[in-house]
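To keep things clear, I will list the structure first and then write my remarks on it.
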Amino acid sequence: MNEKNVRDRIERGFAAWGHWVYRRAGLVIALAGALTAGAASQLPTMWMDTSFEGIFAEDAPARVAYDRFREQFGRDTMILVAIQPPAVFDLGFLEKLRAFQEDVEENVPRLVEVTSLINVRQTRGVGDELIVGDFLEDWPETPEELAEVKRRALSNPVYVNNIVSKGGDFTALVIETEVYGGDAESDEFAGFDADDGELTPGEEPAFLTGTENAEIVAALYEVMARHESEDFPMWAGGTPVQTHELQVNMQRDMARFTGLAVLTIIVALSLLFRRFSGVVLPLVTVILSVICTMSLMAASGTPLMLPTQILPSFLLAVGVGGAVHILAIFYQALRRGETKEDAIASSLGHSGLAVAMTGLTTAGGLLSFAGVGMVPISHFGIFAPAGVMVALFFVLTLLPALIAVFPVRATPGKARGMFASQRALIRIGDFATRHPVPVAAAWGAVLVVCLAGTFRLSFSHNPFEWFPEDSGPRVAGELMNEAMEGALFLEFLIHTKQENGLHDPDLLRRLDEIAEAVAGVHYGPAKVGQTQSLVDVVKEIHQALNENQSAYYAVPDQRRLVAQELLLFENSGSDDLENFVDPQFATARVTLKIPMGDAVNFPPLFRLLEAEVERVLAGTASFELTGMGFLLAETVLSVMHTMARSYVIAFLVITPLMVLLIGRVKLGLVAMIPNLAPIVITLGVMGWLGVGIDTFTLLIGCIAIGLAVDDTIHFMHNFRRYYQQSGDVREAVRQTLATSGQAMLVTSVVLSTGFFIYMGSAIGGLFRFGLLTGSTIIVAFLADILLAPALMALVVRPQQASEAAPATPLEVTR
């Protein structure tokens, strides 16, 4: 059986399916309604995850190391309240700071510790006694006492660039929240008390959820609102606040984007069909498909994350395309005088195969993201193609059934004249087929320039820039970067692999040397600010026990003395040691503060830091790198790997499907050129403009190629049909654009607008994604009505039409 007969049998099968659905429309609608209602019951379980660590799977090595670190030392992602008063060391300001801190401690839930100039640790000796208390335990009353407070604060290396800026004109309130949510305890004994609904032995406690984090930040905002004034300006920042703001933006954006997508579809369908049924039926079909897809996501326990928040509006825009093509041919058949049943069968016979193939190619392009190392991108690669296939199923089943029962007015013999847009499309196609060489050459020149731009592409991951410049998290982060040398933390875990190994003076001096060695390390704007570790506490204690003399701010020479002084510190009532060392004194934490910025600079910086740490330790202990800064660096590396992998997979999936549809390898490969051209152009423009590839923009290529191929399939499917009838390339192009061109235009407008609406997001990455993807869809449409006809004129050999053999396969010139 040749290719022509196979294709004809498939098209007849779609037509027969149309008859079957028409005669059982009630049953089909009832089943679709029951399926949707059952699925929708899962929607209330949908939840959001905007955490930065959520980018990685729980079993990913970077995530495992980070979770292990959090279990031992708590969160390294503090809430930082940046405060920039007229004068920090002013009695009036300090009174306000104390009142603000007390209000925070009393009214913000799930706190572990709140630290500011009021209560930052002060270690001093009185005789033979070690006193560990609050810095302002003795409140200053006179200008002289206040001057002494300022002197002591700015001379303490632990305070400077941590609690107060080097110049003394900026301060911060540092809030550490609990690691675990629910009723779990945040200490090492969590999970062993089964009383009062707590965890049973062996049960793993859950980390703080997004909802619980939102409660903390919301309560903090309320406290800040009560205390903020012109002479007490403050901004909340840090990863927990950024996570909360992203979640708020997601919730707002999803509702707005979905509403705008529905409005766009209504306007486009109204202009195209000018019928009530032409608006309602496609809209009902795609809305039900979105409900089923999001319900599937909820039922699987998959959270909404930053990239997947676009799924509802994305699926609305993508799903309506197939419905438009089916309805366009259905209305044409009605105007020719066919019965409703025959018109449904004709529309499915004419466009069913093409619609099915576009669904498969779109899903194939999106499926390339499934299984990648970045969890939100992987989720998008699973549920976006699932949604496309659900929409395809409903378009081929529910839509014909709805048409069958919905009153549609037939107007036989009253075919309308062409729309102005149809006439314009035909003129464009005529131009391309009359001047194929100049058209192809012009596109080729553009592609060469843009291909050069792709070599200028760079990768980026800067969540800091996702926020508007005047937003609280952005302002706080910038202030912390400038005044405190950073607001992000990198953690080195030093493993001695022996109990009390950190009592060794030599190893402690090496930790001190690490701080000195990394102080000057930088890579571009990424550099190391303050470093904190156990050795800072050890030196504080030793100085305090030696009459507070600065000459003794050093590590004791004897192991026994280190152990005794640390024991004295623990007995003083302070629990600060648990922030720097495990209970066995076998593993130490060295915290490096780095500026928030583009994480693309982090991997090379971290390689330099690892080399310094390895040099200083010289085999005396092992180490591992973790912390939020490390996770951001791993995100950049994952973006690079994901892009390369997904683009190759998308091409390998879509190209065979295109060849299969067309039936000729050479022509199928030629037909891929209009699909790849928009991707090259967009990436080239990004390269020339310096727009980096991040977790949002890396989606563009595979989404665009999956969508761009839809119009190409409809063009090639109909071109082949009309070419077999006429044997003339120009006439086949004219008929293709006259019948399917209008639907191609409308679907491109809906798709591009569906992406352009993301430009209304407050999240900068989503803005760029919407602008670039929408523009790519427009370029893809232009390629289908200009480049594709020109290529057909160049590669397809003219032939004489034959009534005896009306469906001869296309002959391709050699």
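Sorted by mean Cβ packing within 10 Å, highest first, what order do the peptides 383-392, 22-31 take?
Packing proxy ranking, top to bottom: 383-392, 22-31.
Give me the net charge for the shell around Asp504: Cβ to Cβ below 13 angstrom, other residues only, Lys and Arg +1, Asp and Glu -1.
Residues near Asp504 contribute +1 overall.
Looking only at the range 330-344, which residues have a backbone nitrogen under 20 Å from a spot 7 Å from the Cα of Arg24 in the C-beta direction?
341-344
Peptides 785-791, 581-587: what's the order by average Cβ count within 10 Å, highest mean first? Before the final figure, lay out the partial values.
Working: 785-791: 24.4, 581-587: 17.3.
Sorting 785-791, 581-587 by mean packing, highest first, produces 785-791, 581-587.
Rounded, prolate or oblate: which fits the range 734-778 when a ≥ b ≥ c are the square roots of the eigenvalues of the alpha-carbon gyration tensor, with rounded for a/c under 1.5 and prolate only if a/b beats b/c? Let's see the in-between values first.
Numbers: a/c = 7.16, a/b = 3.55, b/c = 2.02.
Prolate, since a/c reaches 1.5 and a/b exceeds b/c.
Largest first, what is the accessible-area ranking of Trp443, Trp466, Trp688, Trp235 with a 1.4 Å probe?
The most accessible residue leads, giving Trp688, Trp235, Trp443, Trp466.
Just to confirm my numbers, what's the Cα centroid distance between the range 689-716 and the range 328-370 in Å?
So the separation of the two Cα centres works out to 23 Å.
Could you calculate the FRET efficiency of Glu222 with Val174 from 1/(1 + (r/R0)^6), where r is the beta carbon distance between them and R0 is 25 Å, rounded to 0.05? Don't jump to the answer; show the numbers that get you there.
Details: r = 19 Å, r/R0 = 0.76.
E between Glu222 and Val174, to the nearest 0.05, is 0.85.
If each of Thr211 and Met759 carries a label point 7 Å out from its Cα toward its Cβ, how far apart are those two points in nm?
3.7 nm
May I ask you to give the percent of accessible area on the range 28-182 that is carbon plus sulfur, with a probe radius of 1.4 Å?
Heavy-atom surface of the range 28-182 belonging to carbon and sulfur, 1.4 Å probe: 52 percent.
Across the chain, how many lysine pairs, 8 or more positions apart or on different chains, have C-alpha atoms separated by under 29 Å? Please give the number.
Lysine pairs meeting both conditions in the chain amount to 18.
May I ask you to evaluate 6.51 cos²θ - 1.76 cosθ + 1.60, the Karplus curve with θ = phi - 60°, for each residue of the range 225-235 and list the ³J(HN,Hα) values in order in whole Hz, giving x for glycine and proline?
Rounded to whole hertz, the list is 4, 6, 10, 5, 8, 4, 9, 9, x, 8, 9.
Sum -39500 (n - 2.57) across every DSSP H segment of at least 4 residues in the chain, then divide by the residue count to get the 222 nm mean residue ellipticity, nearest 500.
After summing the helix terms and dividing by residue count, I get -20000 deg cm²/dmol.
Once you have a ≥ b ≥ c as the square roots of the Cα gyration tensor eigenvalues for the range 628-691, tell me rounded if a/c is under 1.5, and otherwise prolate or oblate according to whether a/b is larger than b/c.
Oblate.
Work out the P(r) tail for the chain: percent of alpha carbon pairs separated by more than 35 Å, whole number.
So the pairs more than 35 Å apart make up 56 percent of the total in the chain.
Using DSSP loop states and a limit of at most 12 other Cβ atoms within 10 Å to flag GluC sites (Glu not before Pro), what is the longest stretch of the chain containing no flagged site?
Value returned for the longest uninterrupted segment is 548-802.
Between helix 375-405 and the chain, what is the angle of the helix's C-alpha long axis to the longest principal axis, kept within 0 to 90° and rounded to the nearest 10?
Once rounded, one gets 30 degrees.
When the accessible area of the range 229-311 is split by element with a 1.4 Å probe, what percent falls to carbon and sulfur?
In the range 229-311, the share of accessible area belonging to carbon and sulfur is 70 percent.
Return one whole number: the accessible area per residue of the chain in Å², for a 1.4 Å probe.
39 Å²
Apply 1/(1 + (r/R0)^6) to the Cβ-Cβ distance of Asp470 and Ser550, taking R0 = 45 Å, and write down the FRET efficiency to the nearest 0.05.
In this case the efficiency is close to 0.55.
Multiply the residue gap between Ser229 and Ser155 by 0.36 nm, knock off their C-alpha separation, and tell me the result in nm, one decimal place.
Working: separation 74, 0.36 × 74 = 26.64 nm, distance 2.93 nm.
Additional length available on full extension: 23.7 nm.
Round to the nearest 0.05 the FRET efficiency obtained for Tyr523 and Arg68 when R0 = 22 Å and r is the Cβ-Cβ distance. Please report the intermediate quantities before stating the final value.
On the way: r = 27 Å, r/R0 = 1.22.
Plugging the Cβ-Cβ distance into 1/(1 + (r/R0)^6) gives 0.25.
Going by amide H atoms built from the backbone, whose H comes under 5 Å of the H on Ile693, apart from near neighbours?
So Ile693 has HN proximity to Ser458, Phe459, Ser460.
What are the ³J(HN,Hα) values, in whole Hz, obtained from phi via the Karplus relation 6.51 cos²θ - 1.76 cosθ + 1.60 with θ = phi - 60°, for each residue of the range 453-469 in sequence order, with x given for Gly and Pro?
Karplus values, whole Hz, x for Gly and Pro: x, 5, 6, 9, 5, 9, 9, 7, 7, 10, x, 4, 7, 6, 9, x, 4.
How many percent of the accessible area of the range 443-514 is carbon or sulfur, using a 1.4 Å probe?
51 percent
The values are calculated or read from the model by the stated rules, or taken from the named source; none is laboratory data. As the structure is a prediction and not an experimental result, all values here were calculated from the model. No Cβ is skipped: glycine too gets one built from the backbone with ideal geometry, and neighbour counts run over all protein chains shown. All accessible areas refer to the heavy atoms of the entire protein, side chains included, with ligands and DNA or RNA removed. Shrake-Rupley method; radii C 1.70, N 1.55, O 1.52, S 1.80 Å.
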